[in-house]
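Take a look at the structure set out below.
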Amino acid sequence: MTASAATSEPYTTVIGLEVHVQLQTRTKLFCGCSTRFGAAPNTQVCPVCLGLPGSLPVMNRTAFTLALKAALALGCRIAAFTKWDRKNYFYPDLPKGYQISQYDLPFSSDGHLEVTDPKGGFVRNVGIVRVHLEEDAGKSMHDEAAGTADSRIDLNRAGTPLCEIVTQPDLRSPQEARAWLNELKLLLVYLGVSDCNMQEGSLRVDANVNLHIPQPDGRIAKTPIVEIKNMNSFRSVERALAYEAVRQYDEWQATKAELGTTPKQTRGWDDPAGVTRAQRHKEESSDYRYFPDPDLVPVTVDERQLAEVRASMGEPPAVLRGTLAAKWRISPYDADVLVNQGRDIVAYFEDVATRVGEGKVASNWLQQDVLRTLNERGESIDAFPVRPEALADLIGRVQKGEFDTSRGREIFAEMLASGRSVADVVASLGIAVVDDADLVALCRELLAENPKIVADVRGGKEQAAAGLIGQAKKKNPNVNPAKVRQTCLELIRAM
Amino acid sequence: MQPADLSATDIVAAIRQGDLTAVQCVEAFLDRIARLDGSLNAFLHVDRDGALATAAAIDARRKAGRPLGALAGLPVAVKDALCTADLPTTCASRMLAGFRPPYDADTVVRLRAADAVIVGKTNMDEFAMGGSNENSAFGPVRNPWDPARAPGGSSGGSAACVAADMAPVAIGSDTGGSIRQPAGLCGITGLKPTYGRVSRRGLVAFASSLDQIGPMARSAADCALVLETIAGHDPGDSTSLADVVPRYTELLEQPLTGLRIGRVRDHYADGLDPEVRRGVDEAFAVFEAAGATVHDVELPHAKYGVATYYLIAPCEASSNLARYDGAHYGHRAKPGEGHRAESGGRRFESPLVEMYCRSRGEGFGPEVKRRIMLGTYALSAGYYDAYYAKALKVRRLIRQDYLDAFQKVDLIGGPVSATPAFRLGEKTGDPLAMYLVDLYTVATNLAGVGGISFPCGFTKGGLPIGFQLQGPALAEPLLLRAADRFQRLTEWHVRRPERIA
Ligand SMILES: [Zn+2]
């Protein structure tokens with residue numbers, strides 16, 4: 001299903017992505033410095049990541065294992081032998097004058113990750129060309145505007161482990177690109193490979209895009225490939241690609257320039273302005289003089305090691321969706337919503353569902369009450385004041401008829417505000433649970449006071465009982481309307 | 001008792017027994033440095049106060065009956081390519097003038113832990129690039145046997161200071177012969193261990209796959225003593241070897257009966273000086289008299305060693321030296337006239353590029369620039385396969401040659417250099433002639449095996465002649481035992497330069 005191609009556009013948008021994710025390690029890729037975000041500039045550095053004379057890199061095994069996890073989850077082939085290469089270029093945020101990366105023998109290649117539009121719009125299996133490991137550079141802050149031409153360099157980030165994931169040009173619309181990135185992020189967060197936090201720079205995306213335009217003679221014209229940079233959210237990726245497709249189509253109509261006639265262009269996304277702009281051409285910067293890093297030894301990976309990594313991976317989101325739907329008898333749509341919220345939400349859901357003994361009602365509460373609250377508050381589930389056992393207690397009482405759903409919501413809101421248990425909230429709100437004997441007495445009283453209604457019901461108009469509920473609420477605000485109705489009907493029937 | 005007349009082994013024993021204090025010993029060598037180094041220029045930095053303070057602390061500990069390290073009180077001179085946290089580390093380059101690293105090289109850590117006393121940092125060819133020590137930004141070292149001649153290089157300062165008894169032992173580094181060749185030209189003993197035997201951490205890199213630290217001393221026994229301390233696995237150097245370090249000093253006694261020494265026919269080609277040839281032949285005779293047998297062996301690809309070396313080493317160097325860009329430490333050019341400034345007729349595309357170009361232009365000497373350019377060229381797109389990749393293939397063939405040869409013999413003997421020490425300035429105008437001084441030594445580094453050089457005679461003019469033995473990987477015990485046996489049977493290593501003594 002390729003919905004985008006079915007739209008009215010006279011072209012197909014062809015998109016490939018290059019994603020850099022920071023691996024969730026405590027320390028850097030080749031030294032023992034911390035990778036914690038937000039420390040004062042240049043406080044998490046040592047001779048190795050400062051590139052001081054005589055310093056030597058030592059590979060971080062944990063980083064390599066995390067990268068293996070990501071590559072295996074992406075269905076990649078893992079190389080039995082992989083090596084490190086130096087990518088040589090000069091820049092002040094690169095203190096050694098080279099970046100340690102992987103060139104011709106990446107540790108993994110040839111994978112894929114499928115994304116499905118839950119609304120049925122598309123299913124796209126995106127090929128992964130390669131996944132490799134490399135170290136990050138530092139951060140430069142330019143202050144040329146101040147007239148001093150000074151730049152400040154923070155090397156805290158230098159040497160942080162990055163996984164670079166390069167896709168085939170398999171995506172066919174900006175929406176698909178965004179959905180695929182969401183799926184990738186979900187997978188990597190599930191695996192604990194990366195927190196994928198774009199604001200902190202732990203996930204960065206560049207996109208390559210061009211158009212395939214069918215010609216009257218049956219030939220497909222291809223526009224020159226443009227690389228888009230500086231996109232700082234998945235939403236900007238979608239917007240930038242959408243903008244770029246239109247721009248390329250306009251340019252095509254004006255110039256008829258095709259792929260291969262011009263050098264590859266790099267354009268930066270200007271988010272506030274909503275446009276891409278051509279970036280300054282870096283002359284001859286493409287010769288990085290890669291060669292194997294003689295300070296590091298090649299890495300070999302065997303089956304036993306791969307088996308260990310596989311065993312530690314858990315179910316990936318795509319599998320978990322199916323498992324959840326089958327196990328708890330919830331719809332694929334509901335399973336998708338829950339899984340897309342992350343592993344912690346799924347755990348919370350399963351905890352509640354197990355205690356309640358039913359999936360559907362737990363899923364409803366999760367989606368309508370818990371997730372909505374989390375969104376409003378911008379909080380994560382681990383800090384959520386209503387723990388699974390408390391929510392299960394509440395749902396259970398609603399199911400037993402102790403109070404109705406709307407009263408249940410009130411109690412939920414109060415539990416949220418105060419962090420107290422269901423019982424405490426019920427007591428504090430003066431919601432005395434009405435026991436069955438009291439309820440029967442109350443209903444008898446009502447029936448005695450309303451002979452007309454009793455007569456109507458006996459005459460077959462059961463809906464007349466509704467008139468009793470308002471009166472019952474006046475006598476005792478804690479009664480459950482459904483129970484009042486049911487008890488009254490039973491009493492009349494028994495008369 | 002004159003400490004300068006004692007071997008390192010004797011000095012350590014004398015201090016341990018209380019016949020000599022560490023302060024007396026260190027002072028005696030510092031006095032010789034003060035007296036002699038003005039003319040020899042073997043040291044770039046002498047740490048008189050630090051060395052005496054360390055020595056005094058060792059004496060105090062000995063007095064208090066506290067345990068002492070294996071090299072307690074032994075003065076050691078360290079090549080200025082090894083990082084020392086309390087002393088400048090310049091690699092004899094303007095680029096690093098005054099640079100003080102925040103950490104000690106692994107070798108320096110081990111020396112200090114063994115209570116050795118670091119007396120100073122020795123002069124060298126800039127970034128270890130050279131074979132005469134004339135590439136130092138701080139002036140050439142003079143050969144103690146003839147001050148008009150070069151001591152060899154790049155560890156020329158380390159070789160000269162031991163030859164002139166300014167230190168009983170010194171630490172050098174050898175990328176293509178930089179320990180063995182100056183040891184040979186200065187009449188001392190120098191060992192290049194197997195690649196990875198001594199950690200490279202804190203050795204300022206020239207060519208990472210070839211660099212190796214080693215001891216330089218007046219005898220093989222003293223080299224064994226120092227190697228015991230500096231060798232060993234370092235988790236901070238991924239290329240360091242995990243093999244257990246033998247007790248080299250305790251493995252010297254066994255006689256050489258049955259030892260098979262190989263002789264390489266190619267070593268006797270046209271360029272070999274007749275006096276050197278005579279010295280080398282006599283050395284083979286000494287080994288035969290000691291019970292060894294001599295056999296001709298082939299190293300068919302060794303003749304490509306220099307060409308291979310001068311591709312691989314500059315390629316790695318061009319990358320290793322990229323960090324000296326003026327941005328973070330070391331020499332930085334004064335700001336120019338800005339973006340549009342011209343310098344030597346050259347326009348710079350940005351102030352940053354100008355800073356890079358001028359800092360590197362001013363900071364590096366001509367030989368370092370030459371090698372950076374060679375390496376940058378050879379790694380460039382379109383040339384990589386023809387040069388670097390091909391050099392790696394030849395390197396594998398050379399390594400295989402050695403493996404094959406060591407099936408037939410235990411060690412390979414021959415000259416260290418084709419000629420004795422040459423005059424200062426004699427080869428500086430001809431870089432290619434200078435590259436050939438490594439002719440007999442580069443293949444050892446390319447193969448990653450060990451080699452030792454020691455004096456085997458003197459020319460009529462009174463210049464030392466060096467003999468080299470090369471062994472299989474981790475054959476240091478055998479190399480040291482063979483050289484030690486030779487030194488028990490000869491007295492060449494005991495001779496001192498007359499002008500100095
Ligand atoms: Zn670090």
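Quick notes on this structure:
- For chain B, averaging the sequence separation of C-alpha pairs within contact (under 8 Å, six or more residues apart) and dividing by the residue count gives a relative contact order of 18 percent.
- Antiparallel content of DSSP bridges confined to the protein assembly as shown, in %, to 5: 80
- Semi-axes of the equivalent ellipsoid of chain B are 34, 29, 21 Å, computed as sqrt(5λ) over the eigenvalues of the C-alpha gyration tensor in descending order.
- Charging the Cβ of each Asp and Glu at -1 and of each Lys and Arg at +1, and nothing else, the dipole of the stretch A:3-304 about its Cα centre rounds to 360 debye.
- Counting only protein chain heavy atoms and rolling a 1.4 Å probe, the accessible areas of B:Tyr388, B:Tyr383 rank, largest first, as B:Tyr383, B:Tyr388.
- Here's the list of lysines a cross-link from A:Lys461 could span, going by alpha-carbon distance under 25 Å and ignoring same-chain residues fewer than 8 apart: A:Lys452, A:Lys473, A:Lys474, A:Lys475, A:Lys483.
- Summarising the amide proton neighbourhood of A:Asp270: residues at separation of 5 or more, or on other chains, whose placed amide H is nearer than 5 Å comprise A:Val275, A:Thr276, A:Arg277.
- Across peptide B:314-324, the average count of Cβ atoms from other chains found within 10 Å of a residue's Cβ is 5.
- Normalised alpha carbon radius of gyration of the stretch B:81-151 [divisor 2.2 N^0.38 Å]: 1.21
- About its Cα centre, the dipole of the stretch B:179-308 is roughly 220 debye, where the only charges are +1 on Lys and Arg Cβ and -1 on Asp and Glu Cβ.
- Chain A: radius of gyration and largest Cα-Cα distance (Dmax), Å: 30.5, 100
- Across the stretch A:231-246, coupling constants 3J(HN,Hα) worked out from phi with the 6.51/-1.76/1.60 Karplus curve, θ = phi - 60°, read 9, 10, 7, 5, 5, 5, 4, 4, 5, 4, 5, 5, 4, 5, 4, 5 Hz, and Gly and Pro carry x.
- Using only Cα coordinates, the Kirkwood hydrodynamic radius of the stretch A:1-122 works out to 18.0 Å.
- Its residue count N sets the reference 2.2 N^0.38 Å, and the alpha-carbon radius of gyration of the stretch A:410-495 equals 1.29 times that reference.
- Residue among A:Leu211, A:Thr262, A:Cys76 farthest towards the positive dipole end of the stretch A:3-304, charges placed on Cβ: A:Cys76
- Under 5 Å between amide hydrogens, built in the peptide plane, is the criterion, and for B:Arg260 it picks out B:Thr293, B:Asp410, B:Leu411 among residues at least 5 positions away or on other chains.
- Residue order by solvent-accessible surface for B:Ser417, B:Ser39, A:Ser421 is B:Ser39, A:Ser421, B:Ser417, largest first, with ligands and nucleic acids left out and a 1.4 Å probe.
- Pairs beyond 31 Å (Cα-Cα), from B:Lys121/B:Lys390; A:Lys69/A:Lys229; A:Lys87/A:Lys264; B:Lys121/B:Lys393; A:Lys185/B:Lys390: B:Lys121/B:Lys390; B:Lys121/B:Lys393; A:Lys185/B:Lys390
- For the stretch A:25-99 and the stretch B:29-91, distance of Cα centres in Å: 37
- Span-rule helices in chain B, defined as complete DSSP H runs reaching 24 Å or more along the axis (Cα) with Kyte mean at least -1.0: B:22-40, B:390-408
- Centroid-to-centroid separation of the stretch B:113-164 and the stretch B:220-297 [C-alpha atoms, Å]: 23
- The Rg/Rh ratio of the stretch A:213-356, with both radii computed over alpha carbons and Rh defined as the Kirkwood radius, is 1.15.
- Computed from the Kirkwood radius of its Cα pairs, the Stokes-Einstein diffusion coefficient for the stretch B:133-235 at 10 °C and 1.306 mPa s stands at 117 µm²/s.
- In the protein assembly as shown, a dipole from Cβ-located charges (positive for Lys and Arg, negative for Asp and Glu) runs towards its positive end, and of B:Thr239, B:Leu40, B:Thr9 it is B:Thr239 whose Cα lies farthest in that direction.
- Stokes-Einstein D (µm²/s) once Rh is taken as the Kirkwood radius of the protein assembly as shown over alpha-carbon pairs, at 37 °C in 0.692 mPa s: 97
- Once all protein chains are placed together, A:Glu379 keeps about 80 Å² accessible to a 1.4 angstrom probe.
- Across q = 0.15, 0.17 Å⁻¹, the stretch A:315-428 modelled as identical point scatterers on its alpha-carbon atoms has Debye log10 I(q)/I(0) values of -0.62, -0.78, in the order of the q list.
- Residue-averaged beta-carbon neighbours from other chains (10 angstrom radius) around B:201-212: 3
- Alpha-carbon centroid distance for the pair the stretch A:326-378 / the stretch B:460-497, whole angstrom: 79
- Per principal axis, descending, Cα span of the stretch B:324-442 in whole Å: 65, 39, 26
- Area accessible to solvent at A:Val457, 1.4 Å probe radius, in Å²: 20
- When only Cα pairs below 8 angstrom with a gap of at least 6 residues are kept, the stretch B:436-501 shows a relative contact order of 28 percent.
- Listed values for the stretch A:170-175 are Karplus-derived 3J(HN,Hα) couplings in whole Hz (6.51 cos²θ - 1.76 cosθ + 1.60, θ = phi - 60°), namely 9, 7, 10, 6, x, 5, and x replaces Gly and Pro.
- Length-normalised contact order for chain A - Cα pairs under 8 Å, 6+ apart - percent: 13
- For A:Thr354, the solvent-accessible surface with a 1.4 Å probe is about 90 Å², rounded to the nearest 10.
- For the stretch A:252-266, the Karplus equation 6.51 cos²θ - 1.76 cosθ + 1.60, evaluated at θ = phi - 60°, returns couplings of 4, 5, 7, 10, 6, 6, 10, 3, x, 8, 10, x, 4, 9, 10 Hz by residue, with Gly and Pro reported as x.
- Largest-first ordering by accessible area, 1.4 Å probe, given options B:Arg62, A:Arg310, A:Arg444: A:Arg444, A:Arg310, B:Arg62
- Net charge over other residues, Cβ less than 9 angstrom from the Cβ of B:Asp266 (K, R count +1; D, E count -1): +1
The values are calculated or read from the model by the stated rules, or taken from the named source; none is laboratory data. Computed from a predicted model, the values in this text were never measured in an experiment. Counting neighbours? That spans all protein chains shown, and the Cβs are built from the backbone with ideal geometry, glycine included. Just the protein is used for accessible areas: all its heavy atoms, side chains included, with ligands, DNA and RNA removed. Shrake-Rupley method; radii C 1.70, N 1.55, O 1.52, S 1.80 Å.
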